[in-house]
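Structure record follows, encoded as structure tokens.
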Amino acid sequence: MQTRAHRTRAALVEAAALEFGEKGYAKATAKSIASRAGVAVGSFYQYFPNKDAVLQELASGRARALSDETLRRLAAPPEGLPTDPEQLEQLVRAAMFEIVDEIIRYHRVNRDLHAVMTERRHADPRLDRITSRAEHALVRAIAEVIGRWGRVPDPQAAAFVAYGCVEGSIHMHVLAEPMVDDDRFRAALVDALQAIALPGGITADA
């Protein structure tokens, strides 16, 4: 059971996500966040020194959730990876489709909050460090997975390029005006990821 303090903190974090998303960084304030959470502004300062701190917590939590979900979908099945190359390719391609769908969904859930985090990263060194650490950890973990597939000589570089491909293209597709529909986008992105991490594989839709 959550304590009252935990509930208050969670309410503040949830309210901050909505405030930043609806109003942007400049117009969201400790007072407006506290008001939306249904607490006095003094309660906000019991948990966070300023609005940057709560934005940093939001970024950390979102990055951790996305990383966990990505690695869960890339994990080998309990019985192990298939030895047949075509079965391995089909398994990996299906996982890539699921991951792309999840990352698109992640960016669309409070799309404007994600835009605020992306913008503030360049102005807030601590937010940039939080985001960078999460990115480095995810790339290392993906590199380990790619290494187990045994198709590329440099899994770390492949993981880094794959991560950049996903982040950059999904930002353009979700946070800017999309140039193609979701189905075409996801198919092309999975093709690109497969070429990077599992070259020489199948190209049929999962």
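The values are calculated or read from the model by the stated rules, or taken from the named source; none is laboratory data. Predicted model only: the values in this text are computed from it and were never measured. Please note: Cβ atoms are built from the backbone with ideal geometry, for glycine as well, and neighbour counts cover all protein chains shown.
If the condition is being modelled with pLDDT of 95 or more, surrounded by fewer than 12 Cβ atoms within 10 Å (Cβ to Cβ) and outside any helix (DSSP H, G or I), then region 1-49 contributes Gly38, Pro49.
No other residue among Ala188, Ala158, Ala192 is assigned by TED's automatic domain parsing to the domain that holds Ala137, crowded, with 17+ Cβ neighbours inside 10 Å and closer than 25 Å to Ala141 by Cα apart from Ala158. Out of Arg105, Arg120, I need the residue that is within 15 Å of the chain's Cα centre (by Cα) and among the charged types (D, E, K, R). Which one? The match here is Arg105. Checking each residue in region 96-118 for being farther than 21 Å from Gly61 by Cβ and either surrounded by fewer than 20 Cβ atoms within 10 Å (Cβ to Cβ) or in contact with a Cys (Cβ under 6 Å, 6 or more places away or on another chain) (or both) picks out Phe97, Glu98. Here Leu55 qualifies as over 14 Å from the mean Cα position of the chain (by Cα) and farther than 29 Å from Asp181 by Cβ. For Gly42, the stated conditions do not hold, so it cannot be described as in contact (Cβ under 8 Å) with a residue 24 or more places away in the chain and of a type outside the set (Asp, Glu). You will find that of Ile130, Ile142, the residue that is at pLDDT 90 or above, out of contact with any strand residue (DSSP E or B) (no Cβ under 9 Å at 6 or more places or on another chain) and either exposed (fewer than 14 other Cβ atoms within 10 Å of the Cβ) or over 22 Å from Gly21 (Cβ atoms) (or both) is Ile142 and no other. Residues that are under 15 Å from Asp101 (Cα atoms), among the aliphatic types (A, V, I, L, M), touching a residue at least 60 places away in the same chain (Cβ under 8 Å) and touching a Phe, Trp or Tyr at 6+ places or on another chain (Cβ under 8 Å) are absent from region 174-188. For region 145-155, residues that are buried (at least 17 other Cβ atoms within 10 Å of the Cβ), modelled with pLDDT under 90 and not in a helix (DSSP H, G or I) total 1. Pick from Ala137, Ala123: which is assigned by TED's automatic domain parsing to the domain that holds Thr70, among the aliphatic types (A, V, I, L, M) and exposed (fewer than 13 other Cβ atoms within 10 Å of the Cβ)? Being assigned by TED's automatic domain parsing to the domain that holds Thr70, among the aliphatic types (A, V, I, L, M) and exposed (fewer than 13 other Cβ atoms within 10 Å of the Cβ) holds for just one of Ala137, Ala123, which is Ala123.
Would you mention how many residues in region 53-71 are surrounded by 22 or more Cβ atoms within 10 Å (Cβ to Cβ) and closer than 24 Å to Ala94 by Cβ? Of the residues in that region, 1 qualify.
Quick check: is even one residue across region 80-87 assigned to a loop (DSSP other than H, G, I, E, B) and either touching a His at 6+ places or on another chain (Cβ under 6 Å) or among the hydroxyl-bearing types (Ser, Thr, Tyr) (or both)? Checking region 80-87: at least one residue is assigned to a loop (DSSP other than H, G, I, E, B) and either touching a His at 6+ places or on another chain (Cβ under 6 Å) or among the hydroxyl-bearing types (Ser, Thr, Tyr) (or both).
When region 6-30 is examined, which residues are found to be farther than 18 Å from Leu113 by Cα and in contact (Cβ under 8 Å) with a residue 12 or more places away in the chain? Answer for region 6-30, where residues must be farther than 18 Å from Leu113 by Cα and in contact (Cβ under 8 Å) with a residue 12 or more places away in the chain: Thr8, Arg9.
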